[in-house]
1. Taking the Cβ of Lys105 as the center, what net charge do the other residues with Cβ under 11 Å away carry, scoring Lys and Arg +1 and Asp and Glu -1?
2. What is the helix-to-structure angle for 85-97, meaning the angle in degrees between its Cα long axis and the longest Cα principal axis of the chain, kept from 0 to 90 and rounded to the nearest 10?
3. Convex hull over the Cα atoms of the range 73-159, averaged projected area in nm²?
4. Give me the percent relative contact order of the chain, please, defined on Cα pairs under 8 angstrom at least 6 residues apart.
5. Excluding Arg21 itself, what net charge comes from residues whose Cβ is under 14 Å from its Cβ, given Lys and Arg +1 and Asp and Glu -1?
6. If we restrict to alpha carbons, what Rg and Dmax does the chain come to, in Å?
7. Please report the base-10 log of the normalised intensity I(q)/I(0) for the range 2-69, using a Debye sum with one equal scatterer per alpha carbon and no solvent, at each q in 0.12, 0.14, 0.21 (1/Å).
8. Which value at 222 nm does the chain reach when only helices count, each DSSP H run of 4 or more adding -39,500 (n - 2.57), with the total divided by all residues and rounded to the nearest 500 deg cm²/dmol?
Amino acid sequence: MKQEQQALIQLPAGQDSEGQRVLEKLDVYVMEEAGHYELEKSPLLVRGLAKGDIIYIDPQQADKFIVVKHSGNLAVRVFRKADIEVLENSLTPQIEMSDGTLDIKTDRGLSYSLHVNLGFATVEALFDNAMAAYPDSVWYYGNVYDSADGITPLNWWDSFINQV
């Protein structure tokens, strides 16, 4: 179902401090079905998506997407005002021991993917403990809560929890 062709797409990620639209470039695999893409990495800024998700983008409304199929991955974003290198060096090995991946690294942000079957409590403890050592840092789920209000759970994981 996946083609070997890779592409770069842009999706809206919110607005900057001056109200200008922010776009994030995402690496994707082009799917056979028109307008369908599989994400190579969990985004740093675009909410509602994680590595491996399959999305549909209508060519008539290229600034919107629909998640066609969730991969089962949680997207976790970490931000720090100071240089993030020391935090990344501490956190990434722990993520990798949990079969997670570091997908994106910038001067002030990290994007990780971890499978939901690891468990929310485990994921939250992992990131809470890491942030305790770096109080100028914060972490957020990227695809757990509805981006419209930031508090309503999306519940896509119900079909993944404890599935073998």
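1. Numbers: positive: Lys41, Arg108; negative: Glu85, Glu88, Asp103, Asp107.
Spelling it out: positives minus negatives among the neighbours equals -2.
2. 70 degrees
3. On the way: hull surface 22.6 nm².
Computed as one quarter of the Cα hull surface, the answer is 5.6 nm².
4. Details: 327 pairs, mean separation 30.7, N = 164.
Relative contact order, the chain: 19 percent.
5. Numbers: positive: Lys25, Lys64; negative: Asp16, Glu18, Glu24, Asp63.
That works out to -2.
6. For the chain, the Cα-based Rg and Dmax read 15.8, 47 Å.
7. One equal scatterer on each Cα of the range 2-69 leads to -0.29, -0.39, -0.83.
8. Details: 2 runs with 26 residues, N = 164.
Per the formula, -5000 deg cm²/dmol.
Laboratory data are not the source of any read-out in this text; all were calculated from the coordinates shown. As the structure is a computational prediction, the values presented were derived from the model and not from experiment. Because the Cβ atoms are built from the backbone with ideal geometry, glycine has one as well, and the counts that use them run over all protein chains shown.
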